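The values are calculated or read from the model by the stated rules, or taken from the named source; none is laboratory data. Note that the coordinates shown come from a computational prediction; the quantities given were computed from them, not determined experimentally. Cβ atoms come from the backbone with ideal geometry, glycine included; neighbour counts cover every protein chain shown.
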Amino acid sequence: MPDRPEPALATPFRINPELDLAAIRRAYETEGRVRIYGLLADGAVQLHEHLTARRDWIYLINNGPDVLEIDPAERARLGKRRWAALEQEAHLRVRDAFQYRYQALRVPTPEEMAALDDPLTDFARFMQSPEMLDFLRAATGHEALSFTDGQATAYGAGDFLTGHDDDVEGKDRLAAYVFGLTPYWRLEYGGLLLFHGAHDRTAAGNVPRFNTLDLFSVPQQHSVSLVTPAAPHRRFAVTGWLRSGSR
């Protein structure tokens, strides 16, 4: 019986044909990371508009051994005083532990995609397409890449992600990716993707931008700096990993 064809994408994602793959590959092999500007020729605007319109973002807060997942309804029930206490507790834990606070939308699994039709689902399908997987293999040299996963993220004022390296046993992560969807952003707003130097004594940072793809090898210590109250809007991205093996 022939394989069932993949559904056509309602959102017209298309890789920019003018990208210099050879230069991208050289940068990745030399530095262990690369930023690709203007990744998509089509589709980035539609995806950004979809993410800004969504009202079902879940707040994720690392709370020691547990992760708090706070949906909009729960956030409203907490009230200002309890929410302020959660914020303060999260910031205090940064002093001596891994910690994060940001909003997320889970990217659908392949099994769930068949029943969904929206730009985020279309982007998840696009990330699994032969075109995109071939592009990622060519950009990184990771020939063992078999699939990607991820989530949409939004960082607003006070959100952050402290240092970590994404190396989780059994996940078979070859590299991480951050597809940036943030228009107009100044360095001073925070929310920088930081790559840590030896012993955390130095860092190199990438400012949020629109239609950019950051690729970096795993393991590699990195973080997202605190977004300041000066930010005029949230820092949007789709983030995840290039993985080998099976799901």
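A few remarks follow.
- Complete set of residues in segment 25-38 that are touching a residue at least 12 places away in the same chain (Cβ under 8 Å), under 16 Å from ASN206 (Cα atoms) and surrounded by 14 or more Cβ atoms within 10 Å (Cβ to Cβ): TYR28, GLY32, ARG33, VAL34, ARG35, ILE36, GLY38
- Residue match in segment 62-69 (condition: closer than 23 Å to LEU193 by Cβ and surrounded by 13 or more Cβ atoms within 10 Å (Cβ to Cβ)): yes
- Meets criteria (among the aliphatic types (A, V, I, L, M), closer than 30 Å to SER146 by Cβ and in contact (Cβ under 8 Å) with a residue 12 or more places away in the chain) for ALA124: yes
- Subset tally (residues that are more than 16 Å from PHE179 (Cα to Cα) and crowded, with 21+ Cβ neighbours inside 10 Å) for segment 193-247: 2
Yes or no, residue by residue, for (1) under 24 Å from ASP172 (Cβ atoms); (2) of a type in the set (Ser, Thr, Tyr); (3) free of Cβ contacts under 8 Å to residues at least 60 places away in the same chain:
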{"position": "ILE70", "(1), (2), (3)": "no, no, yes"}
{"position": "ARG81", "(1), (2), (3)": "no, no, yes"}
{"position": "GLU87", "(1), (2), (3)": "no, no, no"}
{"position": "ARG93", "(1), (2), (3)": "no, no, yes"}
{"position": "TYR100", "(1), (2), (3)": "yes, yes, no"}
{"position": "ASP117", "(1), (2), (3)": "no, no, no"}
{"position": "PHE135", "(1), (2), (3)": "yes, no, no"}
{"position": "ALA138", "(1), (2), (3)": "yes, no, no"}
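- On the stretch given as segment 1-48, residues that are at pLDDT 95 or above, among the hydrophobic types (A, V, I, L, M, F, W, C) and farther than 21 Å from LEU181 by Cβ total 4.
- Looking only at segment 126-168, residues that are charged (D, E, K, R) and more than 24 Å from TYR102 (Cα to Cα) come to 4 in all.
Conditions (1) surrounded by fewer than 17 Cβ atoms within 10 Å (Cβ to Cβ); (2) under 27 Å from PRO219 (Cβ atoms); (3) under 17 Å from the mean Cα position of the chain (by Cα), marked per residue:
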position	(1), (2), (3)
ALA138	yes, yes, no
GLY158	yes, no, no
GLU169	yes, yes, no
ALA175	no, yes, yes
PHE179	no, yes, yes
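- Among the residues of segment 167-220, those that are of a type in the set (Ser, Thr, Tyr) and in contact with a Gly (Cβ under 7 Å, 6 or more places away or on another chain) comprise TYR177, THR212, SER217.
- Looking only at segment 84-134, and only at residues there that are among the acidic types (Asp, Glu) and under 23 Å from TRP241 (Cβ atoms), the one that is surrounded by the most Cβ atoms within 10 Å (Cβ to Cβ): ASP122
- Condition met for ARG81 (more than 30 Å from GLU143 (Cβ to Cβ), exposed (fewer than 13 other Cβ atoms within 10 Å of the Cβ) and basic (Lys, Arg)): yes
- A search for C-beta distances below 6 Å between a residue of segment 192-211 that is touching a residue at least 60 places away in the same chain (Cβ under 8 Å) and any residue that is of a type in the set (Gly, Ala, Ser) and buried (at least 18 other Cβ atoms within 10 Å of the Cβ), counting only pairs 6+ apart in sequence or on different chains, returns ARG209/GLY180; ASN211/ALA44.
- Counting only helices (runs of 4 or more DSSP H) that fall entirely inside segment 16-94 and contain at least 1 residues that are on the phi > 0 side of the Ramachandran plot, the qualifying elements are 72-93.
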